[in-house]
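Peer 1: Okay, here's the structure, questions in a sec.
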Amino acid sequence: MSSEKTNQSWGGRFSEPVDAFVARFPASVDFDKRLYRHDILGSQAHARMLTQAGVLSEAERDAIVAGLDEIRGEIEAGTFEWRVDLEDVHMNIEARLTERLGVVGKKLHTGRSRNDQVATDIRLWLRDEIDAILAELDRLQAGLLQLAETEADTIMPGFTHLQTAQPVTFGHHLLAWFEMLSRDHERLVDCRKRVNRMPLGSAALAGTTYPIQRQVTCELLGFEAIGGNSLDGVSDRDFAIEFCAAASLAMMHLSRFSEELVLWTSAQFQFIDLPDRFCTGSSIMPQKKNPDVPELVRGKTGRVFGALTGLLTLMKGQPLAYNKDNQEDKEPLFDAADTLRDSLRAFADMVPAIKPKREIMREAARRGFSTATDLADYLVRKGLPFRDCHEIVGHAVKYGVDSGKDLAEMSLDELRRFSDQIEQDVFAVLTLEGSVNARDHIGGTAPAQVRAAVQRGRALLAQR
Ligand code: ARG
């Protein structure tokens, strides 16, 4: 049977066309066509290198490079006809090139294989995605610094076990998110180094007999290093797994952040307002304003964890070198990158729009005996052992619960019932301002420390 009836790229050794379903089942073009730009970049670099290596003439190279540029134009104009029978993005583009150039198009694939081609494409694609994600992270972090600076003096309850623990400044709370995101940034930058190594030249698995010059393609494509082993180059997807791990951690952080926004916008907390554009109403309950964006980010986190688990599982049983299993790397990886990028974008847009309700936050901090530890620390400074102070303050809090008074609302006489070491200067300690101002060290919640941390954060962003 002629090769027109079977697949034109590998049909030579086959004697019957594949079953219609089997033709569709292995195809990846529906999802891998989004690699087209990187596939074309890789092919153009490969053609240029082949000319330097004396395999293609300059005229052939020029025809291929220009032909690929035109194909990119067709794809972007929406006039390119994607064919499922051509399986994937690589064969679709190559077939079109051959349609346009004739025999010259068929020379492009000299000295390479789809195995090193696809490994190269994914790395080029992921490198760009990471850069876009890092840009969104920068934007979100800059927004957090701005809000933290404005809210450096705003007092809210800090929680442990979701019970009021000690007063903190809202700026300090926001900077906790800044720290987490800084580590996410570091992880992605580090991951990018290992993404940015070139498998091109590995060919199918063993390298190629042509005198290829891998340093040429490496430089043309902006890779930092050349993969040192062809079998590894075509087969491992650890870089994609590593990205999904870093993305999972970042989504875990955004999910926790989301949970706080959901709590804070509730009628029970009312710590913040989110503008209407990040919320939706209910079709049945007219009073509702639901914090959809944070809820969705929290929900989408599961997809990214799923991608990580999926890719680990995909790789764990594979012998060297390339196996068709690897085609399953793309959808989870694409989905993880899209989800992280969109979630960061949503947060970068939303954070500057957060409107804190300062009076309500302050009142919540005042109500929960949040300065009890400050009273204990005060008694320690008067010379009592901490455990005794803890007990004394426990009695005072019990009295406060029964009488409906916060510690700062009790008279000196009332307080002295619990310890005669308590004097007039106690009130400076029991106020919310006294409490936060006293935690005045690197990483502490004092407004002065928040301002210093904002400056450090700005310096960090500036040197990226
Ligand atoms: N579409 C394939 C993938 O995504 C390209 C590589 C196929 N190689 C092969 N020898 N079948 O992995």
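The values are calculated or read from the model by the stated rules, or taken from the named source; none is laboratory data. This is a predicted model, so every value here is computed, not measured. When we count neighbours, we look across all protein chains shown, and the Cβ atoms used for this are built from the backbone with ideal geometry, even at glycine.
Peer 1: Working carefully through the options ALA53, ALA132, find the one that is closer than 26 Å to ALA336 by Cα, touching a helix residue (DSSP H, G or I) at 6+ places or on another chain (Cβ under 9 Å) and hydrophobic (A, V, I, L, M, F, W, C).
Peer 2: Result: ALA132 is the single residue among ALA53, ALA132 that is closer than 26 Å to ALA336 by Cα, touching a helix residue (DSSP H, G or I) at 6+ places or on another chain (Cβ under 9 Å) and hydrophobic (A, V, I, L, M, F, W, C).
Peer 1: Enumerate the pairs (first residue in region 109-122 and within 11 Å of the ligand (Cβ to nearest atom); second residue anywhere and at pLDDT below 95) with beta-carbon separation below 9 Å, excluding pairs fewer than 6 apart on the same chain, so at least 6 apart or on different chains.
Peer 2: ARG114/SER9
Peer 1: Identify, please: which residue in region 328-369 is small (Gly, Ala, Ser) and assigned to a helix (DSSP H, G or I) and is, among those, nearest to GLN141 (Cα to Cα)?
Peer 2: Ranking the candidates gives ALA348 first.
Peer 1: Let me ask something else about it. Going through LEU50, LEU56 one at a time, which residue ends up being surrounded by 13 or more Cβ atoms within 10 Å (Cβ to Cβ) and within 22 Å of ARG123 (Cβ to Cβ)?
Peer 2: From the options LEU50, LEU56, the qualifying one is LEU50.
Peer 1: Could you list, in sequence order, all residues of region 427-457 that are assigned to a loop (DSSP other than H, G, I, E, B), among the β-branched types (Val, Ile, Thr) and more than 18 Å from GLU409 (Cα to Cα)?
Peer 2: ILE442, THR445
Peer 1: Does PHE278 qualify as being within 24 Å of ALA132 (Cβ to Cβ) and modelled with pLDDT under 95?
Peer 2: yes
Peer 1: Output the number of residues of region 266-294 satisfying the condition of being surrounded by 14 or more Cβ atoms within 10 Å (Cβ to Cβ), under 28 Å from the mean Cα position of the chain (by Cα) and farther than 13 Å from MET350 by Cα.
Peer 2: Of the residues in region 266-294, 4 are surrounded by 14 or more Cβ atoms within 10 Å (Cβ to Cβ), under 28 Å from the mean Cα position of the chain (by Cα) and farther than 13 Å from MET350 by Cα.
Peer 1: From the list LEU296, LEU263, LEU308, exactly one residue is touching a Cys at 6+ places or on another chain (Cβ under 8 Å) and either farther than 13 Å from SER343 by Cβ or in a helix (DSSP H, G or I) (or both). Which is it?
Peer 2: Among LEU296, LEU263, LEU308, only LEU308 is touching a Cys at 6+ places or on another chain (Cβ under 8 Å) and either farther than 13 Å from SER343 by Cβ or in a helix (DSSP H, G or I) (or both).
Conditions tested, residue by residue: (1) out of contact with any strand residue (DSSP E or B) (no Cβ under 6 Å at 6 or more places or on another chain); (2) at pLDDT below 95; (3) among the β-branched types (Val, Ile, Thr).
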{"position": "ARG214", "(1), (2), (3)": "no, no, no"}
{"position": "CYS218", "(1), (2), (3)": "no, no, no"}
{"position": "GLY233", "(1), (2), (3)": "yes, no, no"}
{"position": "ASP238", "(1), (2), (3)": "yes, no, no"}
{"position": "SER282", "(1), (2), (3)": "yes, yes, no"}
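Peer 1: Further question: Counting only residues that are surrounded by fewer than 24 Cβ atoms within 10 Å (Cβ to Cβ) and of a type in the set (Gly, Ala, Ser), which one in region 119-151 is farthest from PRO352 (Cα to Cα)?
Peer 2: Out of the qualifying residues, it is ALA132.
Peer 1: Return the residues of region 200-239 that are of a type in the set (A, V, I, L, M, F, W, C) and within 15 Å of the ligand (Cβ to nearest atom); say none if nothing qualifies.
Peer 2: LEU200, ALA203, ALA204, LEU205, ALA206, LEU231, VAL234, PHE239 - these are the residues of region 200-239 that are of a type in the set (A, V, I, L, M, F, W, C) and within 15 Å of the ligand (Cβ to nearest atom).
For (1) β-branched (Val, Ile, Thr); (2) within 16 Å of LEU430 (Cα to Cα), each residue gets a yes or a no:
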site	(1), (2)
ARG358	no, no
ARG362	no, yes
ALA365	no, yes
THR371	yes, yes
LEU375	no, yes
GLY383	no, no
CYS389	no, yes
VAL393	yes, yes
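Peer 1: Would you please list the contacts, defined by Cβ atoms under 6 Å and residues six or more apart or on different chains, that run from a residue in region 84-98 that is farther than 14 Å from ASP69 by Cα to a residue that is assigned to a loop (DSSP other than H, G, I, E, B) and within 11 Å of the ligand (Cβ to nearest atom)?
Peer 2: Cβ pairs passing all conditions: VAL84/ALA27; GLU87/ALA27; ASP88/SER28; MET91/SER9.
Peer 1: Restricting to region 313-332, count the residues that are under 20 Å from ALA245 (Cβ atoms) and either near the ligand (Cβ under 9 Å from one of its atoms) or in contact (Cβ under 8 Å) with a residue 40 or more places away in the chain (or both).
Peer 2: Qualifying residue count for the region: 10.
Peer 1: Right, here's the next one. Filter region 6-63 down to the residues that are more than 16 Å from the ligand (Cβ to nearest atom), over 30 Å from GLN215 (Cβ atoms) and assigned to a helix (DSSP H, G or I) and list them by number.
Peer 2: Those that are more than 16 Å from the ligand (Cβ to nearest atom), over 30 Å from GLN215 (Cβ atoms) and assigned to a helix (DSSP H, G or I): ALA20, PHE21.
Peer 1: Here is a list: PHE418, PHE427. Which entry is out of contact with any His (no Cβ under 7 Å at 6 or more places or on another chain) and among the hydrophobic types (A, V, I, L, M, F, W, C)?
Peer 2: That would be PHE427, the only listed residue that is out of contact with any His (no Cβ under 7 Å at 6 or more places or on another chain) and among the hydrophobic types (A, V, I, L, M, F, W, C).
Peer 1: Which of the residues belonging to region 76-97 are away from the ligand (no atom under 16 Å from the Cβ) and either crowded, with 19+ Cβ neighbours inside 10 Å or at pLDDT below 95 (or both)?
Peer 2: ARG96, LEU97
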